[in-house]
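One structure is given here, and the rest of the page talks about it.
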Amino acid sequence: MKYAEEYRDPEIARRLIAGIRQESRKRVRLMEVCGTHTMTIFRSGIRSVLPETIYLLSGPGCPVCVTDQSEIDAFIEIARTGGVTTATFGDLIRVPGTGSSLERERAAGADVRVVYSALDALAMARKHPDRRVVFLGVGFETTAPTIAAAVSAARDGGLSNFSVFSSHKRVMPALASLMEMDIRIDGFLLPGHVSLVIGAEAYRPLFDRHRCPMVIAGFEPGDVLAAIHRLVRQIESGRPDLENAYPRAVTAGGNRKAQALMASVFTPADAVWRGMGRIPESGLALRDGFEAFDARRIFGITLKDAPAPAGCLCGEVITGRSTPPECRLFRKACTPAHPVGPCMVSSEGTCAAYYRYHPETGDTGKDRS
Ligand code: SF4
């Protein structure tokens, strides 16, 4: 298959499903590490067509969901600062922090804007030289290059009222950390967007260390089914491998220009993940030389420990240790209209996906193997 349309073709999907059903014998737990994969799987009903031997669990692939409570609180602290305009992506402003959210701060008078990219925030800074514009950056290697471009443009343009609070995360250290945790994962569906930037071979050291089946997948239903089929074949044959099932977009070396741009502005730094704690070198901090654009330094922010909302299992959901229906707040105190945790806020969150697509049968969606 070469073009995106083929990956939506029902006949091809039927063939892939038949292949999976025929070849799958062992009970396996496969984790997707990408919010877009989560939505494709739920939206297209992939779980319902897989044999009982295959259990799919969602990992830390939703950028808003993995953003720690302490970071949300720091965003709110900045938003409350006089003369500051904070700009970020839509979902983030609804995530509850400790006692408030960016949305509530906006209702209380703070200047909080929703933008589609960091370049929009940069344009805002140019237009309003009297305001200090802070872009609150969350996301993985997929979005980091565009943030780096905005910071570079701000420096080249001599802009002094634009900065970035970087809460960006790196997928690889999180995968490594996940593999050290006491969670049974028999294979990974690796994220297509991130892989497009970092390249398929970036996973090689991790694969060599753990020999856990890994397949890079695209985002159409056929992409995901093809990747699951490959994982099943690896597992059934006892020959784990690192495969690229998304070659129409992902190359072995990735996007070198994006990597160079990212490396010119950011450097790996320790980061805190919701549900996973502090993971060495799993974040991206602004390099020395970019202090004037680093909101953490400008506002003297240090992250303060903040407990997750009472009763919220997002940390467990993100790491595949719990399913949303196992959370006692699910569909009760926590709904998309009144979210308690980020996994219900984000359009890519597992709780939001369960809310929308998982039938209310009392089934918790828990693996029984
Ligand atoms: Fe958190 Fe709500 Fe999900 Fe429970 S249902 S884990 S409270 S987001």
Could you identify the single residue in Pro325, Pro336, Pro280 that is outside the structural domain of Val194 (by TED's automatic domain parsing) and outside any loop (DSSP other than H, G, I, E, B)?
-> Pro325
Report whether or not Ser264 is hydroxyl-bearing (Ser, Thr, Tyr), at pLDDT 95 or above and assigned to a strand (DSSP E or B).
-> no
Residues in the stretch 195-212: is at least one in contact with a Lys or Arg (Cβ under 6 Å, 6 or more places away or on another chain), basic (Lys, Arg) and over 24 Å from Asn255 (Cα atoms)?
-> no
Matching entry among Cys334, Cys327 (being crowded, with 17+ Cβ neighbours inside 10 Å and over 24 Å from Arg184 (Cβ atoms)) = Cys334
Just checking, how many residues over the stretch 306-322 are over 18 Å from Phe42 (Cα atoms) and assigned to a loop (DSSP other than H, G, I, E, B)?
-> 9
Can you tell me which residue in the stretch 348-357 is surrounded by the most Cβ atoms within 10 Å (Cβ to Cβ), limited to those that are within 9 Å of the ligand (Cβ to nearest atom) and outside any loop (DSSP other than H, G, I, E, B)?
-> Cys351
Of all residues making up the stretch 284-329, the number that are without any contact (Cβ under 8 Å) to a residue 24 or more places away in the chain and more than 16 Å from the ligand (Cβ to nearest atom) = 7
Considering the stretch 219-233 alone, what residues qualify as being in contact with a Gly (Cβ under 7 Å, 6 or more places away or on another chain) and modelled with pLDDT of 95 or more?
-> His229, Leu231
Which members of the stretch 116-142 meet the condition of being over 27 Å from the mean Cα position of the chain (by Cα) and surrounded by fewer than 21 Cβ atoms within 10 Å (Cβ to Cβ)?
-> Arg126, Lys127, His128, Pro129, Asp130, Arg131
Return yes or no: is Ala174 touching a residue at least 12 places away in the same chain (Cβ under 8 Å) and in contact with a Phe, Trp or Tyr (Cβ under 7 Å, 6 or more places away or on another chain)?
-> yes
What do you reckon, is Glu360 away from the ligand (no atom under 11 Å from the Cβ) and either among the hydroxyl-bearing types (Ser, Thr, Tyr) or modelled with pLDDT under 95 (or both)?
-> yes
Filter the stretch 146-177 for residues that are buried (at least 21 other Cβ atoms within 10 Å of the Cβ) and part of a helix (DSSP H, G or I); the one that is farthest from the chain's Cα centre (by Cα) is Ala154
Selection over the stretch 336-347 where residues are more than 8 Å from the ligand (Cβ to nearest atom) and either closer than 16 Å to Glu360 by Cα or touching a Lys or Arg at 6+ places or on another chain (Cβ under 7 Å) (or both) yields a count of 1
Might you let me know whether the stretch 286-301 holds any residue that is touching a Ser or Thr at 6+ places or on another chain (Cβ under 6 Å), at pLDDT 95 or above and among the charged types (D, E, K, R)?
-> yes
Total residues in the stretch 260-283, condition on the phi > 0 side of the Ramachandran plot and away from the ligand (no atom under 16 Å from the Cβ) | 2
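The values are calculated or read from the model by the stated rules, or taken from the named source; none is laboratory data. Because the structure is predicted, anything quoted here is derived from the model rather than measured. With ideal geometry, Cβ positions are generated from the backbone for all residues, glycine too; neighbour counts draw on all protein chains shown.
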